[in-house]
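Below is one structure, written out as structure tokens, with a few remarks after it.
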Amino acid sequence: MSPRLLLPVLPLLLLCACEESRNQQRAGIRKSFQDFSKAFFGRDGKSAINHLSKNTFLYYDRIIPLARYQDDAGLSNLPPVDLLACLSLRHRYSARELRSINSRKIVLDALDRMTFPAGAPHFLGIGDIRITIPGKQAIAPVLLAPGEWHQDIKVSFVKENGEWKIDPTSIFPAMAGRIEPHLLDPTVSRAEKALYYLEIHENEHIGRALLSPRP
């Protein structure tokens, strides 16, 4: 076949090759999610943590100093998910533990308990995967307990060191809009409302002392 005859076919061949590559990427992403889920439900935090993006740890690196030092006013000025994260960390760790804790320890503890600080739930499933940056980043809608699909909540997957990894904290911006209405009350601070919110959703006693700055 002459090069001139190949010219009309070339774009189609490139398109097919590109789609095949995207399908391979989607398969890799889904396998990574399945491996994470298997370890998560098996309470194997040491295996599950290997499937998490570094963005997850960067989030808690930023939150830890806030949990250590912010008072009621400072907490009340935080975005809703950051506020809940700080209160959750103060609830789960003593002041002494917070002074030395790191993000890996926080995430590993949460995985072993099959929870996540600040309410990043485990996803029961992911929907159609969309490659946003070929070979680097993708997103997918999530299935959350008790079995509801949330097309507006997208979890991110990032290619790191040759492997696709999940970032549970990527859903926080979408969750913020759902949490914020629960924190609005002209008679109390947002931090106090957040304590009430946590008490209901975690179903355990959370004291007002959590609003005090850590010494």
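The values are calculated or read from the model by the stated rules, or taken from the named source; none is laboratory data. On a predicted model such as this, the values are computed, not experimentally measured, just so you know. Cβ: placed from backbone, ideal geometry, glycine included. Neighbour counts: every protein chain shown.
In table form, for the structure just shown:
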item: Filtered residue count, the stretch 136-148, keeping only those that are under 20 Å from residue 57 (Cβ atoms) and part of a strand (DSSP E or B); result: 3
item: Enumeration of residues in the stretch 67-112 that are among the basic types (Lys, Arg) and over 23 Å from residue 178 (Cβ atoms); result: 68, 96, 99, 104, 105
item: Flag if residue 171 is closer than 16 Å to residue 29 by Cβ, out of contact with any helix residue (DSSP H, G or I) (no Cβ under 8 Å at 6 or more places or on another chain) and buried (at least 16 other Cβ atoms within 10 Å of the Cβ); result: yes
item: Test: residue in the stretch 64-72 that is farther than 19 Å from residue 197 by Cα and among the acidic types (Asp, Glu); result: no
item: Filter result for the condition that a residue is touching a Gly at 6+ places or on another chain (Cβ under 6 Å), among the acidic types (Asp, Glu) and touching a residue at least 24 places away in the same chain (Cβ under 8 Å), over 61, 82, 112; result: 112
item: Conditions (1) assigned to a loop (DSSP other than H, G, I, E, B); (2) in contact (Cβ under 8 Å) with a residue 24 or more places away in the chain; (3) out of contact with any helix residue (DSSP H, G or I) (no Cβ under 8 Å at 6 or more places or on another chain): number failed by residue 151; result: (1)
item: Per-region count, the stretch 9-42, residues part of a helix (DSSP H, G or I) and at pLDDT 60 or above; result: 22
item: Members of the stretch 58-82 that are buried (at least 18 other Cβ atoms within 10 Å of the Cβ) and under 15 Å from the mean Cα position of the chain (by Cα); result: 59, 60, 63, 80, 81, 82
item: The stretch 185-215, subset part of a loop (DSSP other than H, G, I, E, B) and under 21 Å from residue 64 (Cα atoms), residue modelled with the highest pLDDT; result: 212
item: Residues (farther than 11 Å from residue 28 by Cα and among the basic types (Lys, Arg)) located in the stretch 148-164; result: 154
